[in-house]
Protein chains: 2
Amino acid sequence: MELWFTEFHNENSKFSMKVKEHLLSVKSSFQKIDVLDTYEYGRVLVIDGFIMLTEKDEFIYHEMIVHVPMAVYPQARNILVIGGGDGGTLRELTKYPNIENIDFVEIDEMVVEISRDFFPFLHCGFEDNRINFYYEDGVKFVENKEDTYDLIIVDSTDPIGPGEGLFTEEFYKNAYRALKEDGILVNQCESAYFKEDRREFERAIGKLKRIFPKSYAYQANIPTYPSGHWLFGFASKKYDPVLDQKASQWGKYNIYTKYYNEKVHKGAFYLPTYIQNILDEA
Amino acid sequence: MELWFTEFHNENSKFSMKVKEHLLSVKSSFQKIDVLDTYEYGRVLVIDGFIMLTEKDEFIYHEMIVHVPMAVYPQARNILVIGGGDGGTLRELTKYPNIENIDFVEIDEMVVEISRDFFPFLHCGFEDNRINFYYEDGVKFVENKEDTYDLIIVDSTDPIGPGEGLFTEEFYKNAYRALKEDGILVNQCESAYFKEDRREFERAIGKLKRIFPKSYAYQANIPTYPSGHWLFGFASKKYDPVLDQKASQWGKYNIYTKYYNEKVHKGAFYLPTYIQNILDEA
């Protein structure tokens, strides 16, 4: 008896993995959450039918959303993380000894509990005592913040469902104000390959461009996301992500990474022409 | 009634696309060839059950296998192309006015005929009168060549079946001798994500390293290949692909590309740590 999980890119394209065991299926107040054990990808977290992460390649996403901004702003002390209840982003962030405070805002506490129960390689991120846990809506959380954070990481789901508010102009404006004068915001920014994803990328990056003086997109090869060619937004009040890349704590503290390195950092911003065009015209 | 084509990455992972029409299914002397018309990917060429190219993203593969070496060696005059009976590599190569001669060696003439009948956006590559057509085995073709070519492009299928000989040490040695003293060989070099592909990449790049003084791998985001993170070998007698990158004919003749640009060229060689490690230890 073969059990397969299928994720639909759209109605014409799909990706499937063979399942050893369907470990969990629950509905939180916000979303449907499944945990799978698979032969090729190990443990897989699925939310509302979409792959959030897999054991095999989550390191790529989490390294790129953390070490890229930290290499540009290594002196970052006060960080806000919105989303990422799985813990992977926190795991990477807490590798930096110089960070003093991490405000972690996750709307769905159940994701954190599930991470504790099923994803040991991720929930280790929660153990650090620099983290303050806020189980609330990140959109509301930033509404009253001003000049507070050096770095905001928006580690969200897709712009449909609970994550939708994290892609609005209002949220980006509040995040801008919540940042210090040289602060940086990075976010999960979809993809440019499938039409539906491309539209979301274009809209999100267009909003960031209107609000931040310096806005960029960077890329990573994440095979279990649709197309394998995933994008992040990098919105900055002051720093250029390539010109201001520093021999950072990543090198100084010998932080161990399996994907990220100083060259990959630069290459991430060297976008294929068709994606650069979308970025330029957004 | 829904018709889907499925490609298996291995027994635990697969990728499927919805089919409008199954246009062709034939067996040549060498391989089984199918042509599909699909909703998301347009026309798709399948050989022995594996996706060779799709209308949607073939430009990525063909641009990267041609414009990368041509930017390092823009004065290349005499080129050998082995494989690529679809015509896409020739289409990109013939954009360079300074190339004088292209020896095109394809073992399976039926692929060329099928390209002419079903892939107009590819077979335009065949129209150029600088091309000499050889319907023979590329492994044998190079056996008696010496100091002949500036560039050899090995645009092969996978190392199973007719393409197998193009991944052998003997072939690489003969190709080395067929190149001029500053010649370059580039090849389709599989991927590092799935264990089976990774082994092939490691073996091929290891052989190239033992034969050529300067051997590298470079990457491209090709969503319809397994993992979306595909690799090419760059084996050189003299030139470094990044340090010796020149403001080339690509810029000089305003060659139109949708993926390749001068920055992507550099970024292609900036490999993630886990892939760089495989390259270093191969």
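The values are calculated or read from the model by the stated rules, or taken from the named source; none is laboratory data. Because the structure is predicted, anything quoted here is derived from the model rather than measured. Don't worry about glycine lacking a Cβ; one is built from the backbone with ideal geometry, like all the others, and counts go over all protein chains shown. Areas reflect the complete protein model, heavy atoms only, side chains present, ligands, DNA and RNA absent. Shrake-Rupley method; radii C 1.70, N 1.55, O 1.52, S 1.80 Å.
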Rg ratio (alpha-carbon, reference 2.2 N^0.38 Å) - the range A:1-110: 1.25
Output the direction-averaged projected area (hull surface divided by four) of the convex hull of the alpha-carbon atoms of the range A:30-70, in nm². 3.4 nm²
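Which GluC sites (Glu not before Pro) from the range A:33-106 combine a DSSP loop assignment with at most 12 other Cβ atoms within 10 Å?
Values: sites: A:40, A:55, A:58, A:63, A:92, A:100, A:106; in loops: A:40, A:55, A:100, A:106.
In loop regions of the range A:33-106 (DSSP not H, G, I, E or B), the sparsely surrounded GluC sites (Glu not before Pro) are A:100.
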Would you jot down the residues in the range B:221-265 that end up with at least 10 Å² less accessible area in the complete protein assembly than in the chain alone, with a 1.4 Å probe? B:221, B:223, B:227, B:228, B:229, B:257, B:258, B:259, B:261, B:263, B:264
So if R0 is 41 Å, what FRET efficiency would residue B:75 and residue B:27 give, r being the distance between their Cβ atoms, rounded to the nearest 0.05? 0.45
List nothing, just return the count: lysine pairs in the range B:71-184, 8 or more apart or interchain, with Cα separation under 19 Å. 4
Projected label distance in nm at residue A:173 and residue B:164, using a 7 Å step from Cα toward the beta-carbon: 6.6 nm
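Counting DSSP beta bridges with both partners in the protein assembly as shown, what percentage is antiparallel, nearest 5?
Details: 77 of 115 bridges.
Of those bridges, close to 65 percent are antiparallel.
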Let me test this: with uniform point scatterers at the alpha carbons of the range A:67-209, what is the Debye-based log₁₀ I(q)/I(0) at q = 0.09, 0.14, 0.20, 0.22 1/Å? -0.26, -0.64, -1.29, -1.46
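What value does chain B have for Rg/Rh, both radii from Cα atoms and Rh as Kirkwood defines it? List each step's numbers first, then the result.
On the way: Rg = 17.7 Å, Rh = 18.9 Å.
Checking Rg against Rh, the ratio lands at 0.94.
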In whole Å, what is the distance between the alpha-carbon centres of the range A:12-26 and the range B:161-223? 35 Å
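Rounded to the nearest 0.05, what FRET efficiency is calculated for residue A:127 and residue B:253 with R0 set to 51 Å and r the Cβ-Cβ distance? The partial results should precede the final answer.
Values: r = 58 Å, r/R0 = 1.13.
Rounded to the nearest 0.05, the efficiency is 0.30.
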If I build a Gaussian network model for chain A, linking alpha-carbon pairs within less than 10 angstrom, which residue out of A:33, A:160, A:184 has the largest mean-square fluctuation? A:160
Just flag the chymotrypsin sites (Phe, Trp or Tyr not before Pro) in the range B:50-155 sitting in loop per DSSP whose Cβ has no more than 16 other Cβ atoms within 10 Å. B:135
Starting from the Cα gyration tensor of the range B:76-156, take the square roots of the eigenvalues, sort them a ≥ b ≥ c, and report rounded, prolate or oblate (rounded when a/c is under 1.5, otherwise prolate if a/b is larger than b/c, else oblate). oblate
With every protein chain in place, the accessible area of residue A:20 for a 1.4 Å probe, in Å² rounded to the nearest 10, comes to 110 Å²
Please list, in order along the range B:10-27, the HN-Hα scalar couplings obtained from phi with the Karplus expression 6.51 cos²θ - 1.76 cosθ + 1.60 (θ = phi - 60°), rounded to whole Hz, x for Gly and Pro. 6, 6, 10, 8, 8, 10, 9, 9, 7, 9, 6, 7, 8, 6, 7, 8, 9, 10
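Could I get the Rg over Rh figure for the range A:3-54? Both from C-alpha atoms, Rh via Kirkwood, rounded to two places.
Values: Rg = 10.9 Å, Rh = 11.3 Å.
Dividing the radius of gyration by the Kirkwood radius yields 0.97.
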Longer than 29 Å from Cα to Cα, which of A:18/B:266; A:32/B:14; A:238/A:266 are they? Say none if no pair is. A:18/B:266
Report the dimensions of the protein assembly as shown along its three principal axes from the alpha-carbon atoms, largest first, rounded to Å. 73, 52, 41
